[in-house]
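What follows is calculated from the coordinates using simple rules that are stated; it is not laboratory data. What you see is a predicted model; the values in this text were computed from it and never measured. Counting neighbours? That spans all protein chains shown, and the Cβs are built from the backbone with ideal geometry, glycine included.
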Amino acid sequence: MISEEQNFMRKIEAEEKIEPKDWMPDQYRKNLIRQISQHAHSEVIGMQPEGNYITRAPSLRRKAVLISKVQDEAGHGLYLYSAAETLGISRAEMIEQLQSGKAKYSSIFNYPVLTWADIAAIGWLVDGAAIVNQVSLQRTSYGPYSRGMIRICKEESFHQRQGYEAMLSLAKGSAGQKAMAQDALNRFYWPALMMFGPHDSESAHSQKSMEWKIKRETNDDLRQKFIDQTVEQIEVLGLDHPDKGIKWNEERGHYDSSDLNWDEFWSVINGNGHCNRQRVEHHVAAHDEGEWVRDAITAYNSKKNNKKNANQTKQVA
Amino acid sequence: MSEAIKAATLEYATRLGDDSVVLGHRISEWISYGPFLEEDIAYGNVSLDYIGRARMFYTYAAELANDGRDEDDFAYMRNDREYRNLLLMEMPKGDFAYSQVRQLFADVYYTYLLPELLQSKDETLSAIAAKAIKETKYHLRRSRDWVLRLGDGTEESHQRAQKAVDALWGYTHELFDMDETEQLLADAGIGVDVSKLHDAWLAKVSEILTEATLTIPEDEWAVRGGRIGYHTENLGHMLTEMQIVHRSFPGCKW
């Protein structure tokens, strides 16, 4: 008879999904909780920079599209929290970890959203980078996560198209709009590349996660895909590529590009971005302000239950 | 359509569009500030419904005006003195109880207004009402549930809900005011005679507030002026924020 661990590895190798009630190594569970909750927190924190422009969206159509998008992010946060809950952690615990700084969220949201073009750039580049990663995660070994990703990818690709289309309107618009678009591209291009994480050689969790097929492609491979697909998109917009070192490499069949500013990457991850404190404070403030509302629901439900029980007792008597 | 009726209908569609965009904007201010994630989603939904209504009313107004303006010109290029929304809609979001009580007042109002508008001889107004009726059913279910839970929840939630009812009550009276424009349209079978909705509104709101263990305020004060552009100080700030990007790039497409 084979051991539980051998059976687990057999499933992984056979591309069978691991389901919540299946045996799994503790570290597999931990890695998944870390990755899924980080992903959920990113969706939830991501509502802030984009929500920041809902009240200022420049047309009613753009306002409606942006509200829908932020609403989708909230929905993604919900699926992902639920997926993580199948691993034995509660939403309340995850929120506590987010607020205490124990759990991370994507560093991209620690960059400030300053202009309307930033909203377009986020849809195009940030959702675009997220999709490259998430498409590969549709094949992740954990069933609930994989199914969540399939659903989320559909909506994200819609966001990406909307973002690009909004960017196109700006790039083909007035000189002022075009300048705003270029500025947003210049600021968000590099942080978008950083979303794929450190170089493979520097990535603490990568190796085991690849072996267990939690991650299916390496950070550097995914980043390369994104770099390659973005070159032509920038050309179509008629904007300048922010990377002066971008150059087609015939031999590799990929674009060569300049190295990222890794000092900035680690600095933002370690709390020194423009908005790290603001994002968490906003989340804490909304959560704390909502406490009396949550208490009211609990009190109301328990009153109703008491009443129901009393009525039932009466009927029985 | 006679010129007088046409002008009145343009004014009427603009008023209804203003109510929708202003309330939709206020609701949207809650997104990422709700008490839990599900509420952020719900706020998004309700806000989207109102922004959608605003677009339909303004598009119709633009069609009647036929002067090259579009929905965004109505929303973004008029100032607070030109806006014709009811004051209730422009009040700041306040706390969660304040927003839910305002929503209840508005939802009950639309519950009675929209079926009347559905009967309008004007096909466009009737079609907009047909779509909005379905949304309002869901909105009312939600705001009613919340007012019940807050009113009959904890001591704190009860106090906050009562405070909101008292603070907003004086802004509800103008919901039922008629003027010449609306009377002309009501007589023509195009607009709704809102003065006839007051009893039903009061009965429904009273029923819900009573079930929520809340007290219906004595009629002591009433503030009016939305339909003549005599607003509270809040609207100017709201429009400043809403219109800043649009107006900073004159004549641009987005």
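Values computed for the structure shown
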| quantity | calculated |
| --- | --- |
| Selection from the stretch A:31-46 of residues that are away from chain B (no Cβ under 14 Å) and polar (S, T, N, Q) | A:ASN31, A:GLN35, A:GLN38 |
| Number of positions in the stretch A:51-64 that are within 16 Å of B:TYR33 (Cβ to Cβ) and either surrounded by 24 or more Cβ atoms within 10 Å (Cβ to Cβ) or without any contact (Cβ under 8 Å) to a residue 60 or more places away in the chain (or both) | 3 |
| Matching option when the condition is under 27 Å from A:SER206 (Cβ atoms), touching a residue at least 40 places away in the same chain (Cβ under 8 Å), not in a helix (DSSP H, G or I) and not basic (Lys, Arg), among A:ILE108, A:ILE33, A:ILE95, A:ILE89 | A:ILE89 |
| Residues satisfying the stated conditions in the stretch A:232-270, i.e. part of a strand (DSSP E or B) and either within 20 Å of A:PHE109 (Cβ to Cβ) or free of Cβ contacts under 8 Å to residues at least 24 places away in the same chain (or both) | A:LYS247, A:TRP248, A:ASN249, A:ASP256 |
| Test result for B:ASP40, buried (at least 22 other Cβ atoms within 10 Å of the Cβ), free of Cβ contacts under 8 Å to residues at least 12 places away in the same chain and not basic (Lys, Arg) | yes |
| Residue in the stretch B:50-67 that is assigned to a helix (DSSP H, G or I), surrounded by fewer than 22 Cβ atoms within 10 Å (Cβ to Cβ), within 8 Å of chain A (Cβ to nearest Cβ) and within 14 Å of the chain's Cα centre (by Cα) present | yes |
| A:ASP240 among the acidic types (Asp, Glu), more than 23 Å from A:LEU185 (Cβ to Cβ) and surrounded by fewer than 16 Cβ atoms within 10 Å (Cβ to Cβ) | no |
| When residues of the stretch B:22-33 are limited to those that are facing chain A (nearest Cβ under 7 Å) and in contact (Cβ under 8 Å) with a residue 24 or more places away in the chain, the one nearest to B:LYS137 (Cα to Cα) | B:HIS25 |
| Top-ranked residue in the stretch B:225-254 [being of a type in the set (A, V, I, L, M, F, W, C) and surrounded by 16 or more Cβ atoms within 10 Å (Cβ to Cβ); ranked as farthest from the other protein chains (Cβ to nearest Cβ)] | B:LEU235 |
